[in-house]
1. Give the residue that is nearest to the chain's Cα centre (by Cα), with candidates limited to residues of the range 92-109 that are over 22 Å from ASP35 (Cβ atoms) and not basic (Lys, Arg).
2. Only residues in the range 91-118 that are under 18 Å from SER25 (Cβ atoms) and among the β-branched types (Val, Ile, Thr) count as the first member; pair them with residues that are part of a loop (DSSP other than H, G, I, E, B) and at pLDDT 95 or above, Cβ under 6 angstrom, at least 6 apart or cross-chain, and list the lot.
3. In the range 58-80, what count of residues is obtained for those that are of a type outside the set (Gly, Ala, Ser) and under 20 Å from the mean Cα position of the chain (by Cα)?
4. Kindly list the number of the only condition in (1) assigned to a loop (DSSP other than H, G, I, E, B); (2) without any contact (Cβ under 8 Å) to a residue 24 or more places away in the chain that fails for GLU198.
5. For a quick check of your reading of the model, give me the residue pairs whose first member lies in the range 210-232 and is within 22 Å of GLU195 (Cα to Cα), whose second is assigned to a strand (DSSP E or B) and among the acidic types (Asp, Glu), with beta-carbon atoms closer than 8 Å and at least 6 apart or on different chains.
6. If VAL96 passes every condition in (1) closer than 24 Å to PHE178 by Cα; (2) among the hydrophobic types (A, V, I, L, M, F, W, C); (3) modelled with pLDDT of 95 or more but one, which one does it miss?
7. Taking the condition assigned to a loop (DSSP other than H, G, I, E, B) and closer than 21 Å to ASN109 by Cα, does ASP192 pass?
8. So which residues in the range 201-216 are crowded, with 18+ Cβ neighbours inside 10 Å and in a helix (DSSP H, G or I)?
Amino acid sequence: MLGSGYWIVFQFSNLKMHIKKIGLSKKTAAEMAVDFIEDGMVIGLGTGSTAEYAIKRLAEKNLDIIAVPTSRRTERLAGELGIPLASMNEYREIDVDIDGADEIDPDFNLIKGGGGAHTWEKRIAEKSNTFIVIVDHTKLVKKLGNFPVAIEVEPSERDSVEEELKHLGGIPELRKNFRTDNGNVIVDTKFDIKEPHELEERLNSIPGVIENGIFSKRKPEIVIVGYDKEVKILKRKK
């Protein structure tokens, strides 16, 4: 008869295999996205583990590009890898923006902000001619909302913002020991999201809110989904 220790080892082994497959799926999607980049482009560089695979691949290809980072974290990595950088204020248009997502629904609405960089990410996505989102297959959902919405908030307005979020049916929770690159706090808030576009606008109308992690007004043109070593490329109908 097998003891409980066997099952613990078996479950841990399965978990390690699952994590490895997710990492491979992220890497496969990210490296495919880099194939859309050409010499002479100005590109947006996203933030997060999936985007970092794309950044490393870009460095390997040694293309003649200018990159606009969406966070200090991305800026440091790209700089260390020798990718030429510029700030978002230096360019009115960005050719291609490559970024990850925490959730994406069938209508290409996104939730982003797990890395706390969604304010800069949204600004750069809005400037881009082509917005490419790279995800592993677990990020595809039928309906947004399992992942909390990251809301960047001025620290002095946190209490009043949280009260307003509760009035909207949200369950807010301060992200502990975290400050954004803008010096603000993140309030992660669970919602039953029925209308992403309406909620995105409503959240940004609250005094003290800088930006939220719903991307329904600026949806990606292309989503690249990794399935281990394979990818599926989804294109949004215009």
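1. To start, the set of residues in the range 92-109 that are over 22 Å from ASP35 (Cβ atoms) comprises 92, 102-103, 105-107, 109.
From the residues that got through so far, the ones that are not basic (Lys, Arg) too are 102-103, 105-107, 109.
On the way: ASP102: 6, GLU103: 8, ASP105: 14, PRO106: 17, ASP107: 17, ASN109: 12 Å.
Filtering first and then ranking leaves ASP102.
2. ILE98/GLY46
3. The first filter runs over the range 58-80 and keeps only residues of a type outside the set (Gly, Ala, Ser), leaving 58, 60-66, 68-70, 72-77, 80.
Now restrict to residues that are under 20 Å from the mean Cα position of the chain (by Cα): 58, 68-70, 72-77.
Counting residues in the range 58-80 that are of a type outside the set (Gly, Ala, Ser) and under 20 Å from the mean Cα position of the chain (by Cα) gives 10.
4. (1)
5. From the range 210-232, the pairs are ILE210/GLU152; GLU211/GLU152; ASN212/GLU152.
6. The number of the failed condition is (1).
7. Working: assigned to a loop (DSSP other than H, G, I, E, B): yes; closer than 21 Å to ASN109 by Cα: yes.
Against the criterion (assigned to a loop (DSSP other than H, G, I, E, B) and closer than 21 Å to ASN109 by Cα), ASP192 qualifies.
8. Within the range 201-216, just LEU203 meets the criteria.
The values are calculated or read from the model by the stated rules, or taken from the named source; none is laboratory data. Predicted, not measured: the structure shown is a model, and the values here were computed from it. As a convention, Cβ positions derive from the backbone with ideal geometry for all residues, glycine included, and neighbour counts pool all protein chains shown.
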